[in-house]
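First the structure, in the form of structure tokens, and then the observations on it.
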Amino acid sequence: MPKQMSWLPKSATDDEKILYLQNQPNEPWRPYTAFPQYAVPDYREPGISKGWATYQKLIRTGWTLVPSAKAQEFSFINSEQSDKS
């Protein structure tokens, strides 16, 4: 399965979304900044989402964009399964 990206909230109490990445479907979503091998510097203009420059780079190299709702649902399911272990 291809590497995946999604726009997710920075935290549970924050509406601002940033780019999250996932190398493998069984791995948790992590902020793009946790992947220095993929991340590129953010644009300095105000109002541009954190991770937009990285998104532009990765989408051209074959990464797949996953809708936020689907990524959040998957994260919730994974956290429930790890709680049962």
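The values are calculated or read from the model by the stated rules, or taken from the named source; none is laboratory data. Since this is a predicted model, take the numbers as computed values, not measurements. Glycine also receives a Cβ, built like all others from the backbone with ideal geometry; neighbour counts cover every protein chain displayed. We work out accessible area using only protein heavy atoms, side chains counted, and drop any ligands, DNA or RNA first. Shrake-Rupley method; radii C 1.70, N 1.55, O 1.52, S 1.80 Å.
I'd like the residue in the stretch 1-37 that is within 12 Å of the chain's Cα centre (by Cα) and farther than 19 Å from residue 70 by Cβ and, out of all such residues, is most open to solvent (accessible area, probe 1.4 Å). Ranking the qualifying residues of the stretch 1-37, first place goes to 33.
In the stretch 23-40, the residues that are on the phi < 0 side of the Ramachandran plot form Cβ pairs under 7 Å with partners that are modelled with pLDDT under 90 and in a loop (DSSP other than H, G, I, E, B), at six or more places apart or across chains, as follows: 25/1. Across the stretch 38-61, which residue is most open to solvent (accessible area, probe 1.4 Å) among those that are more than 11 Å from the chain's Cα centre (by Cα), modelled with pLDDT of 95 or more and small (Gly, Ala, Ser)? Looking at residues that are more than 11 Å from the chain's Cα centre (by Cα), modelled with pLDDT of 95 or more and small (Gly, Ala, Ser), I get 39. Modelled with pLDDT of 95 or more and part of a helix (DSSP H, G or I): does that describe residue 77? No; evaluated as a whole, the condition is false for this residue.
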